[in-house]
Amino acid sequence: EPFVADEYIERLAWRTPGGGSRGGEAFDPKRLLEEFVNHIQELQVMDERIQRKVEKLEQQCQKEAKEFAKKVQELQKSNQVAFQHFQELDEHISYVATKVCHLGDQLEGVNTPRQRAVEAQKLMKYFNEFLDGELKSDVFTNSEKIKEAADIIQKLHLIAQELPFDSLMDFCCCPLSSPGKYHDLECQLIQEFTSAQRRGEISRMREVAAVLLHFKGYSHCVDVYIKQCQEGAFLRNDVFEDAAILCQRVNKQVGEVFSNPETVLAKLIQNIFEVKLQSYVKDQLEEHRKSDAEQYLKNLYDLYTRTTNLSSKLMEFNLGTDKQTFLSKLIKSIFISYLENYIDVEIGYLKSRSAMILQRYYDSKNHQKRSIGTGGIQDLKERIRQRTNLPLGPSIDTHGETFLSQEVVVNLLQETKQAFERCHRLSDPSDLPKNAFRIFSMLVEFLCTEHIDYALETGLAGIPSSDSKNANLYFLDVVHQANTIFHLFDKQFNDHLMPLISSSPKLSECLQRKKDIIEQMEVKLDMGIDTLNCMIGQMKHILAAEQKKTDFKPEDENNVLIQYTNACVKVCGYVRKQVEKIRNSMDGKNVDTVLMELGVRFHRLIYEHLQQYSYSCMGGMLAICDVAEYRKCAKDFKIALVLQLFDTLHALCNLLVVAPDNLKQVCSGEQLANLDKNILHSFVQLRVDYRSARLARHFS
């Protein structure tokens, strides 16, 4: 630990008797001073002893340092001597090596011509044997030396190619001529390779293949290898899986046999594609090409997908520098005749299939599809009937049928989805956006125009006039289903069409087409606002049938037991049902827009209805109760304007019961202060006591 003088003195004083208060002893300064003096003397003696020891160690260290420096100098001198000896040895080795290389070059210069002369002599000897017509050398008669014989025949064959024409003819006429023997030996080697392959002797196959590499028949050897590899390889029904397994197995073996494995493997794959796969694809497609478009398209998509998947697996192998292009050309060679007119077959099938789905649905409803909204006389009469109350004939009765089917929509979307998937897989990248747009056009034609638009037109034609009694408002059901269907259409647009056209000029064209469809449907939905006229008409019928004049001017003012009139109950019940129906049929801002329009018309109807009666004091109270109930009903609209209108109407009804002296005060209240005085006056006039001089005087 670090030495601290204060702590050291404290400990010394604490240990000295009389140096502190320990054990109750009194403090003795003399004794403490004596202890300090003695301790200082001991420390001085210890310091002198340690100092002598330090000086001794320093002297010893200096002595050893001098000895070490002397030893290092001696080692440096020895190292310099050794380095000089090494340089001399290196120079001597270089000199000897130069002499040896020179001698080796001289020996090689003498030996090479000698070896060539020996080989030439042997070739001349073998050549003479061919000319004599009798092969005596062991290399030709011993079957185990076929490799050496092949090398000799190959060289003699090259020599024969350089002979003059006359000499060559004489040589070829020899029964054992080199060209004939060349061919026989080549066949023999190929046969030997075939036998070794059947026995599974990889080393022998590699040896024979290396010999045949310099023969013209080497390519035939590769063909034989490819043919034998495929024997028994395609026994199952899945030709693609068999091909992948075969290539995997051959890929492991071909490198051990041939010096150019990538070329051999590429040739095997080419053979599989051009023979096995092409034949299989043709058998599968030609069977349905003209008779069954649906099965033809399914088979084409399936076969093309499986072929491209096989190609992806083969990409793992070494097939040369540009294997991607190589495999793409093989796939194209198989499917080019089918892909050229693919989109025409797709569009034709999609058109006939969609038409069949729609027709089957309408047949199930016993409905004969008719042209609606074409601008004829009937269409003009229908539009006039909807916009006015003129009796131009009855509306089209749909018997509650919306002519929209979730099942039909799902079927159409499923067919289109499959078409988009096939289009993505089978179309050329440059034609993909154009082909996808054609499929989208088919979907628009049959789903949006032939199904949704037709249902909206039929629903519009089926809207009853506003003066119809007990009219069934099925158009809202049409709107509800059309809204749901269009969400499905929009989802397919985003999920399946957008990825195909996102980076092409067709994107803006498709978005514009979709926008036009939405606008056309919104126009028809806006025309369906006539449904609100029917609702108001139904309310009018209820009020006319249920509201009595005695409701607001009872004969016995003191015996009124009802809280609100029967007409009010039925109207509110009807309105609540219609509000719920509108909310279920629409979404987004359309709900608020339609409910606001209905709420304003509902207010106008009640306002005009209340203007038709005169009110006693108790009748006015009952009218206030009715309006309060109407106001509760208006809260279901969740539209601020509608609720505000009914609040004002409720305040106006207070004028029917307020005391004459308080009329001016009520009219100047917050809710009535901004209203036209004529409106206030019109309500006051509805009181039975209005003609009394007192009331007229107070109001004026």
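The values are calculated or read from the model by the stated rules, or taken from the named source; none is laboratory data. Just so we're clear, the structure is a prediction, and the values are computed from it rather than from any experiment. When we count neighbours, we look across all protein chains shown, and the Cβ atoms used for this are built from the backbone with ideal geometry, even at glycine. Side chains included, ligands, DNA and RNA excluded: accessible areas come from the protein's heavy atoms. Shrake-Rupley method; radii C 1.70, N 1.55, O 1.52, S 1.80 Å.
Taken one residue at a time, the phi angles of region 332-338 give Karplus couplings (6.51, -1.76, 1.60, θ = phi - 60°) of 4, 5, 7, 9, 4, 5, 8 Hz. Gly and Pro are set to x.
When peptides 479-485, 536-542 are sorted by average Cβ neighbour count within 10 Å, with the highest value leading, the order is 479-485, 536-542.
Among Arg631, Arg198, Arg249, what's the order by accessible area (1.4 angstrom probe), most exposed first? Don't skip to the end; give the middle numbers.
Working: Arg631 65, Arg198 170, Arg249 120 Å².
Largest to smallest exposure gives the sequence Arg198, Arg249, Arg631.
In the assembled protein chains, Phe36 presents an accessible area of approximately 60 Å² (probe radius 1.4 Å). Put simply, when 46-57, 610-621 are sorted by average Cβ atoms within 10 angstrom per residue, most first, you get 610-621, 46-57.
How large is the Rg to Rh ratio of region 193-255 when both quantities use alpha carbon positions and Rh follows Kirkwood? Intermediate values should be presented prior to the final figure.
Details: Rg = 12.8 Å, Rh = 12.6 Å.
Looking at region 193-255, the ratio lands at 1.02.
The distance between label points at Thr449 and Gln44 comes to 12.6 nm (points 7 Å beyond Cα on the Cα→Cβ vector). Once the Cβ-Cβ distance of Glu241 and Gln324 is raised to the sixth power relative to R0 = 25 Å, the FRET efficiency obtained is 0.65.
Our coupling estimate for region 605-620, obtained by passing each phi through the Karplus curve with A = 6.51, B = -1.76, C = 1.60 and θ = phi - 60°, is 4, 5, 4, 5, 5, 5, 6, 8, 10, 10, 10, 7, 4, 6, x, x Hz, Gly and Pro reported as x.
Ordering Ser219, Ser259 by accessible surface, largest first, gives Ser259, Ser219; the 1.4 Å probe counts only protein heavy atoms, with every chain in place.
If I compute solvent accessible area with a 1.4 Å probe over the protein chains, what percent of it on region 551-698 is carbon and sulfur? Let's see the in-between values first.
Details: 3910 of 7830 Å².
Whole-percent figure for carbon plus sulfur exposure: 50.
Taking amide hydrogens as modeled 1.01 Å from N in the peptide plane, which residues meet the under 5 Å criterion relative to Arg687, leaving out close sequence neighbours? Long-range HN contacts for Arg687: Tyr615. In the frame of its principal axes, region 551-698 has Cα extents of 55, 35, 20 Å, reported largest first. Within region 551-698, count lysine pairs with alpha carbon atoms under 29 angstrom apart where the residues are 8 or more positions apart or belong to different chains. Counting lysine pairs in region 551-698 gives 25. I'd like to know which of Val600, Ala673, Pro660 lies farthest towards the positive end of the charge dipole of region 551-698, counting +1 on Cβ of Lys and Arg and -1 on Cβ of Asp and Glu. Selected residue: Val600. His85 contributes about 110 Å² of solvent-accessible surface, heavy atoms of the protein only, 1.4 Å probe. Candidate cross-link partners of Lys434 among the lysines, defined by an alpha-carbon separation under 27 Å and a same-chain spacing of 8 or more, comprise Lys290, Lys298, Lys329, Lys332, Lys351, Lys417, Lys491, Lys506, Lys514, Lys515.
The calculated FRET efficiency for Glu555 paired with Ser682, based on their beta-carbon distance and R0 = 30 Å, is about 0.70. Ordering Tyr607, Tyr564 by accessible surface, largest first, gives Tyr564, Tyr607; the 1.4 Å probe counts only protein heavy atoms, with every chain in place.
Val96 sits with roughly 70 Å² accessible to a 1.4 Å probe, with DNA, RNA and ligands left out of the calculation. Between Gln512 and Lys540, the modelled labels are 4.5 nm apart [label points 7 Å from Cα along Cα→Cβ].
Computed from label points 7 Å out along Cα-Cβ, the spacing between Ser502 and Asp592 is 3.2 nm. Computed from backbone phi with θ = phi - 60° and the Karplus coefficients 6.51, -1.76 and 1.60, the 3J(HN,Hα) list for region 355-370 is 4, 5, 4, 5, 5, 5, 5, 5, 5, 5, 9, 6, 10, 9, 5, 10 Hz; x is used for glycine and proline.
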